[in-house]
Amino acid sequence: MNNFEELVSKKIGKTIKRERLKQNISQKELAAGICSQAMISSIEHGDYIPNTAIFLALCQKLNLSIDQNLSLIHISEPTRP
């Protein structure tokens, strides 16, 4: 992963974890019907960037709006020389 991907991955992971804990949902409950519990753990640790379908399904299950979804990934990519 390059630095930008790492930044995005960590931001998504922290947000998913924060919302999951706020709603008192286990990783297993969040993953049900979407992906594995291990994948949720990898996402929350910033080790994996979910594809669009998984990301949107997780956000929907956590009742995050489209605006919130987009703000999760609104990070400026560093300019290249």
Burial-style ranking of 4-10, 40-46, 58-64, average other-beta-carbon count within 10 Å with highest first, yields 40-46, 58-64, 4-10
Heavy-atom accessible area of segment 1-69 with neighbours in place, 1.4 angstrom probe: carbon+sulfur share in percent works out to 52 percent
Extension length gain for Ser65 and Lys10 (0.36 nm per residue less Cα distance), in nm, is 17.8 nm
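The values are calculated or read from the model by the stated rules, or taken from the named source; none is laboratory data. What you see is a predicted model, and the numbers here were worked out from it, not measured in a lab. In this analysis, Cβ positions are derived from the backbone assuming ideal geometry, glycine residues included, and neighbour counts consider all displayed protein chains. Just so you know, the surface numbers come from the protein's heavy atoms only, side chains and all, with ligands and any DNA or RNA stripped out. Shrake-Rupley method; radii C 1.70, N 1.55, O 1.52, S 1.80 Å.
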